[in-house]
Structure formats: structure tokens, C-alpha cells
Amino acid sequence: MTAPPTPTMAAAPVHEHITDAMKAPDLVRLGAGVVFARFETMKVYAALGAVRTLLRRGSIVPGQTLVDSSSGIYALALAMACHRYGLRCHIVASTTVDAVMRAQLEVLGATVDQMPPSQSLRLDQERRVRHIHGLLARRPDYHWMRQYHDAVHYAGYREFADLVTAALPGADALTVVGAVGTGASTGGLAGALRNSGREVRLVGIQPFGSVTFGSERFSDPDAIIAGIGSSIPFGNVRHDLYDTLHWVDFRHAMAGAVGLLREHAVFAGLSAGAAHLVASWEAAHDPGRQHLVIGADTGHRYTERVFARHREALDRRTLRPRRIQTLDELSPPWSVMEWARRSHPMPGTAETEPS
């Protein structure tokens, strides 16, 4: 029996700051036509790109305090960017931020105001917005990063697009699959790739209960930990970038996350699990394309709610979405619709700049 070849080891770069080491994902092939981008904290791209751009413009200066709301991974990314560039950080944290994340933020020097427990994603997000308004009224010298609305958060993902181009040079027909969330990651990546001349199909994922793509009439309380949708409108979501939308409930996202670990030994978060589920179905129906799956974070903060319950997980290989033509047909637990890059009328934004 012939032994497998020993991989050639390239010299590892020496980084000037941990953010340089953390921002680039590990690219893992999950099967024919499917590559998984596994991040430790994907939003390092967004935070670094935004902070560098704002410093260059003179919109912020070293020593100033940056404040924003976060359910977790953006908070850590912003705290590390502030650490790198000599800025102060104040995080208004979701109830879902766990003790491990909070400890990291505090050791990095961030001030953390955490919202009380809530069974409602809307209540949690609205509390955070109100709290930020109160902070800014008392501290007008603070700079609100507005990750949900300021397009400056798109800037960092151009670097990720360059990495994808270098790693997958032969895949002219590329499908990007990832959670919509604030819109900056999937939108920023797909937009940068399309601007380079590449033919890119963008597949977005939403939970039920999110206003972003019209599923607010549904309730999925467990999805409060997903971080892939919103109960308030996000200005950074550019609806006309998305070709296809999948709405996935908590149990289906859990099936994808447990399946990803069981099948490929990849320990990733709930949004990554939903993306794995969706990309597996998409690739089976369009095998001629390369599919890039976005895994925004690791699975650590989902240990109790997802991985400790792995025996309850559905077998993702048995799951299928319901195809719909209009939002009126939308229903749990999993629906798919060709969005066709249309715009979407949104209600008035709930998060606005204070007067």
C-alpha cells in the first residue's frame, strides 16, 4: 500500500499583529465543487477595513472611543482592531454574548454593557440601539461604528475577494453561499468578485423572523443565537446583490452544523451549519459550478445550544427545501426562492443617527 504524499510546507509568515493572522480563512474542500472558508472571526475583515478607512479619512483619531452593538464576533473583531490602532472600544453586547467572549473583550480593554436575557431577537436588538443612543447623548466624542448601516464595513472584504481569486483561479462560475446578517460580508465579497469580472451567483441565508427578506411574521425563538438575520432593518443589506434566498429554521441550521463536524471534522458556528446545509443542496442541483461556503466563526459559543444536543440533530442528508415563487408562500422549516437580484421595499429604519 502506497503511503499518502507528505504535503510540502511553505514558510509561515510572521505577522505584526494577531488580526493579520486571524483574518484569513482556512479553505477546506468538502466535496466535488464545494469549498468551505473556515474563519475564526470573519468580521476582522470588516472591522479592520472600516477602522483603517475611517483613520485615513480623519473621521476618527487615535485615542478616540469607538462604540457599537454586537452579538459576538464583530465585538471581538472591533476590540482587536482598536487594540491594534490605539483606539478605545465600547461594546453594547447582545444577551447571547457568553462569558468567554466577554472576558476576552474586557481583557482587551473594551467596556462591555450587556443586555439582560431576552426571548425576543427584536427586543434584544432594540434595547441595544436605545442604549447606544443614550451613550452618544452623554458622550458625543464617541464614534458610532454603525456596522448595520455604514457601508465602510464593505471595504475589508475586497481583500478576501483577492484571496478567493488566488485560491480558486479556475472557477469562473462561482456560487457564494453565506448568511446575510448585516449584509457586508456576503455582499462585500460578491460585489468585489463581480467587479473583477467574475461571474458570481450569491446565495443568502435568513432565519425565520427576520425583517430583512420578509419573514418577520414567523417566530423561531432559538434563532436568537444565529446572528444571520434581524428584527430591525439593516441599511447595509443590498437586496439587489442576491440571486437566491434560503430561509432556514434553527433545527435545520443545527443539522447542518452537527453534520459539518460529523462528516468533515469542521467545528463551526450555526450560520456555517446553515450554509453547509444549503450549499450541499445547491451543489447537488448545479454540479457544474464551484460553491464557496462561508463559515463566519467557530462552534465554541454554540456548544451548549447545538453540539451538546447532537443526538437530537436531524440528518441533514434527508432534508429538502420547499421551493416558493413569492413571499406569500414562505413557510418553515426551510424555503428557497429565486430572488433574482430584485430590490425589496423595507420599512423605515429603526437605527438612525442621533440628532
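Structural remarks
- Taken together, the residues in region 50-70 that are among the polar types (S, T, N, Q) and crowded, with 24+ Cβ neighbours inside 10 Å amount to 2.
- Scanning region 270-285 for any residue that is of a type outside the set (A, V, I, L, M), surrounded by fewer than 21 Cβ atoms within 10 Å (Cβ to Cβ) and free of Cβ contacts under 8 Å to residues at least 24 places away in the same chain turns up at least one such residue.
- Meets criteria (closer than 23 Å to ALA279 by Cβ and modelled with pLDDT of 95 or more) for VAL152: no
- Residue in region 156-171 that is buried (at least 24 other Cβ atoms within 10 Å of the Cβ), among the polar types (S, T, N, Q) and within 30 Å of HIS285 (Cβ to Cβ) present: no
- Out of GLY204, GLY187, GLY170, GLY181, sole residue that is under 12 Å from the mean Cα position of the chain (by Cα), at negative phi and outside any helix (DSSP H, G or I): GLY204
- A single entry from HIS276, HIS291 fulfils the requirement of being assigned to a strand (DSSP E or B) and closer than 19 Å to ALA179 by Cβ: HIS291.
- Some residue of region 29-45 being at pLDDT 95 or above, in a helix (DSSP H, G or I), of a type in the set (D, E, K, R) and surrounded by fewer than 23 Cβ atoms within 10 Å (Cβ to Cβ): no
- ALA137 among the hydrophobic types (A, V, I, L, M, F, W, C) and farther than 25 Å from HIS239 by Cβ: yes
- Annotation for region 243-255: no member residue is touching a residue at least 12 places away in the same chain (Cβ under 8 Å), in contact with a Gly (Cβ under 7 Å, 6 or more places away or on another chain) and not aliphatic (A, V, I, L, M).
- Considered as a group, the residues in region 172-208 that are surrounded by fewer than 21 Cβ atoms within 10 Å (Cβ to Cβ) and either touching a strand residue (DSSP E or B) at 6+ places or on another chain (Cβ under 7 Å) or not assigned by TED's automatic domain parsing to the domain that holds HIS239 (or both) include one that is nearest to GLN290 (Cα to Cα), and that residue is ALA173.
- Residues that are among the aliphatic types (A, V, I, L, M), modelled with pLDDT of 90 or more and out of contact with any Asp or Glu (no Cβ under 8 Å at 6 or more places or on another chain) within region 73-98 comprise LEU76, ALA77, ALA79, MET80, ALA81, LEU87, listed in sequence order.
- Checking each residue in region 239-273 for being among the aromatic types (Phe, Trp, Tyr) and outside any helix (DSSP H, G or I) picks out TYR242, TRP247, PHE267.
The values are calculated or read from the model by the stated rules, or taken from the named source; none is laboratory data. All figures in this text were calculated on a predicted structure; none of them were measured in a lab. We place every Cβ from the backbone using ideal geometry, glycine too, and count neighbours over all the protein chains shown.
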